[in-house]
Amino acid sequence: MSSSTLDKPLSTDDHAPGATAEEVVAPGSAGFQAKYLARDIQAGIITGTMAVPLSIGIAMMSEYPIKVALATVVFACFIGWVNAFFKPGNFIGVPGVAAGLAPALAMGVHTFGIENMAFVIFLTASMQAVVWKYNWQRYILQAVPVYLVEGLLAGVGLKIGLKFATFCYEIPAELETADVFWNEARIQIVLISIVGFAAFVYLFSKFKDTKPAIPYFLLIIASIVLAQYMPMSMLFVEDVPFVLALPIPHIESAMMWVYIVGFAAMLATIDVIEQVMSNAAIEKIDPLGRKCNTNNSLWSIWISNMGASFFGGMTNLDGLAKSTTNRLAGAYTKFSNVVVGSVVLFFFFNSHYLEYLPKFSLAAIMIFSGWKMVMGLWHVANYGQYALILSVLTALLVFKIGIFEGMLVALAIHGLINYLVFHQAGKIPSKVIIKKYFEKFSTGGTAD
């Protein structure tokens, strides 16, 4: 997810064709409006088709089965739609598996085992439920500066880019040669990958403000056609069974229990922060200028996460990339989520169709997604030199030592620098520094 936002709120002139002044004043239900049915269906089909390869890529990055990621998206879409009738958070957001947490989930799989990840997600959802209950989301960005979050996402973007770069030179086993790595087949697929990526970037820059799904459609269709005429490494979808079960942990070590609680707290915090930032952007692109209620969005997120834990699912949030596509494709209400979920559900039940997708085209999509997360650092320059340096350091720490450890180290460095500046340069006593810091939470201030 990129957290970059538009600088200018939509005016009435920015509304999609057909919106009147009366509609802006009285937007109606967030879940369904008959007058927008055709637009929501169209937007849902387009966004759903785009969501499939993104969900596949995030699942592979997270080292989760692809079908589990698809099931997570389907469940979150329907929960988001139902929630929109009585607790609307945003009006055109589309949920999906959280890209920003993909490396963390992969680390969790390696550390705790896939058999314990259902409990990790359940614990994450429980913590998010507490955050929702007491509306603590308003304090999180006060404790964690926005520019540190941008740095975290940039580090994740680097991980995603390098992970999928290997697909750009992967060839079928029968074309491998023992004595020469860069044989003719490998050079050929590298050239195809470069051309495909360049075409994707060009098309995205051309259509991002009007029809952002076009580059995804054209890249996927072209790659599938090309794969009919030359051998390529293709996507493989493991046919894992869909089983409902209680998320019971299998942990014996006391220290592992401490670590798993801290890990779940980290997942919950990052998931909440990403949703807060996404909602700020979604509000600005809403065709009817409707206001978002982030705490209501958290209600939907924790229910979706908790429900997903019963089938081994992943974390979710309303991502900006899919939400932007949904808006530009014509969506006005959350009914488009039903259509998105239906499209993804089709591929869940017919996952063999996904094996027609060459890996190089999936790599182009995911490398571009990672690059957009890295480019979020450009927006940090608005906060000043210190913020930019610290966000770059956070990105490098997250890339090198992991999300959990990298964020903790970055926060410790940030706290130490602030303490030294206030205590040494400002000659402010330690007690006063601590008191003023906690006063920010009661006065609604933000983290420095």
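The values are calculated or read from the model by the stated rules, or taken from the named source; none is laboratory data. Everything numeric in this text was worked out from a predicted model, so none of it was measured. Neighbour counts run over all protein chains shown; Cβ positions are idealised from the backbone, glycine included. These area figures cover heavy atoms from the full protein model, side chains too; ligands, DNA and RNA do not enter into them. Shrake-Rupley method; radii C 1.70, N 1.55, O 1.52, S 1.80 Å.
Across the options Met277, Gly93, Leu420, the greatest Cα extent toward the positive end of the charge dipole of the chain (unit charges at beta carbon of Lys, Arg, Asp, Glu) belongs to Leu420.
Starting from one equal scatterer on each C-alpha and no solvent at all, send me the Debye-based log10 I(q)/I(0) for the stretch 74-114 at q = 0.19, 0.25 Å⁻¹, two decimals. Rounded to two decimals, the profile gives -0.67, -0.80.
Protein heavy-atom surface of the chain, 1.4 angstrom probe: 69% of the accessible area is carbon and sulfur, with nucleic acids and ligands not counted. Largest GNM mean-square fluctuation across Trp299, Trp257, Trp81, computed for the chain with C-alpha springs under 10 Å, falls on Trp257. Our note on the geometry: Cα centres of the stretch 399-419 and the stretch 310-370, 32 Å apart.
What accessible area per residue comes out for the chain, rounded to a whole number of Å², with a 1.4 Å probe? Walk me through the numbers on the way to the answer.
Values: 19940 Å² over 448 residues.
Value returned for the chain: 45 Å² of accessible area per residue.
Give Lys35/Lys87; Lys159/Lys291; Lys211/Lys291; Lys67/Lys322 a once-over and call out the pairs whose C-alpha atoms are over 31 Å from each other.
Details: Lys35/Lys87 21 Å; Lys159/Lys291 34 Å; Lys211/Lys291 24 Å; Lys67/Lys322 19 Å.
Check vs 31 Å cut-off fails for Lys159/Lys291.
The share of C-alpha pairs in the chain whose separation exceeds 30 Å stands at 45 percent.
Note the direction-averaged projected area, equal to a quarter of the hull surface, for the Cα convex hull of the stretch 275-350, in nm².
Values: hull surface 21.9 nm².
Computing the convex hull of the Cα atoms and averaging its projections yields 5.5 nm².
Highest mean packing first, where packing is the average number of other Cβ atoms within 10 Å per residue, the peptides 322-330, 29-37 line up as 322-330, 29-37.
Among all helices in the chain defined by DSSP H, which have a length of 30 Å or more along the axis from Cα atoms plus a Kyte-Doolittle mean of at least 0.5? Spell out each step's value before the answer.
Values: long enough: 37-62 (35 Å, 1.15); 184-207 (34 Å, 1.50); 254-285 (47 Å, 1.21).
Correct list, ordered by number: 37-62, 184-207, 254-285.
Counting only DSSP H runs of at least 4 residues, each contributing -39500 (n - 2.57), and dividing by the residue count of the chain, the helix-based mean residue ellipticity at 222 nm comes to -21000 deg cm²/dmol.
Here the stretch 191-222 and the stretch 40-101 have alpha carbon centers that stand 21 Å from each other.
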